[in-house]
Ligand code: TIU
């Protein structure tokens, strides 16, 4: 059976069409100055280095006609889907909904909420707008995956220990076979990224597997 060389052991690939690529929150808010990520006090410059690896995976899935799901974290303009607890958390100078250099912070449709141009969607591709960190909460993601008979998910995007890890945990509880792409995900805290990779694959892959982009590509072309 075809497999991806991975940790803690090989990730067996499903039949064609049952594997989807998930690209989490590669939006300007987290990758460029003036957005939500910087408002939280982070150095946003370090995240963009993963982009070429995600582009390679995106192109591979496009070439094969396989499902790609992108997500964006953002809120309705009236903030009706933003819990006060989320807006009030921390002591940021700019809060969700406030006007910032890239439009209103973390509001859907604002310039800062756009996916970075390198990974821009094609017309028929799916973007899930999500109010939370996990992509299954208050979104149609599970229904979409079920309609497409998806059983296996490859995870990329930012940030590793926040939205990516939250989503991978949600997916694992829903029965999906999850693999986190090591060099396709990044954190404002490199040590948190490494800890996340370790905890996902610990205990026999308690939440799933990890592998590099090169390992994924080799497995898919075998
Ligand atoms: N703050 C942080 O690391 N991440 C987020 O707020 N959202 C996502 O990870 N997308």
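Bear in mind that the values in this text are calculations on the coordinates, not laboratory data. All of these numbers come straight from a predicted model, not from anything done at the bench. Please note: Cβ atoms are built from the backbone with ideal geometry, for glycine as well, and neighbour counts cover all protein chains shown.
Here are some notes:
- Relative contact order of the chain, defined on C-alpha pairs under 8 angstrom at six or more residues apart (%): 27
- Highest to lowest packing among 166-175, 93-102, scored as the average C-beta count within 10 Å: 166-175, 93-102
- Over the Cα atoms of the range 28-108, the radius of gyration divided by the Kirkwood radius equals 1.07; this is the Rg/Rh ratio.
- Helical content of the chain, expressed as a calculated mean residue ellipticity at 222 nm, amounts to -8500 deg cm²/dmol (DSSP H runs of 4 or more residues, -39,500 (n - 2.57) each, divided by residue number, nearest 500).
- Beta-bridge orientation, the chain: approximately 20 percent antiparallel, per DSSP, counting only bridges with both partners inside.
- The slack between residue 45 and residue 12, meaning 0.36 nm per residue of separation minus the straight C-alpha distance, is 8.4 nm.
- Between helix 190-205 and the chain: long-axis angle, C-alpha atoms, 0 to 90°, nearest 10: 40
- Summarising the label geometry, the points placed 7 Å from Cα in the beta-carbon direction at residue 91 and residue 191 lie 2.2 nm from one another.
- A simple packing score, the average count of other Cβ atoms within 10 Å per residue, orders the peptides 55-67, 16-28, 207-219 as 16-28, 207-219, 55-67, with the highest score first.
- Coordinate range along principal axes, alpha carbons of the chain, Å, largest first: 52, 36, 30
- Angle between the chain longest axis and helix 51-64 axis [Cα atoms, degrees, rounded to 10]: 50
- Sorting the segments 32-39, 111-118 by their mean number of nearby beta carbons within 10 angstrom, highest to lowest, gives 32-39, 111-118.
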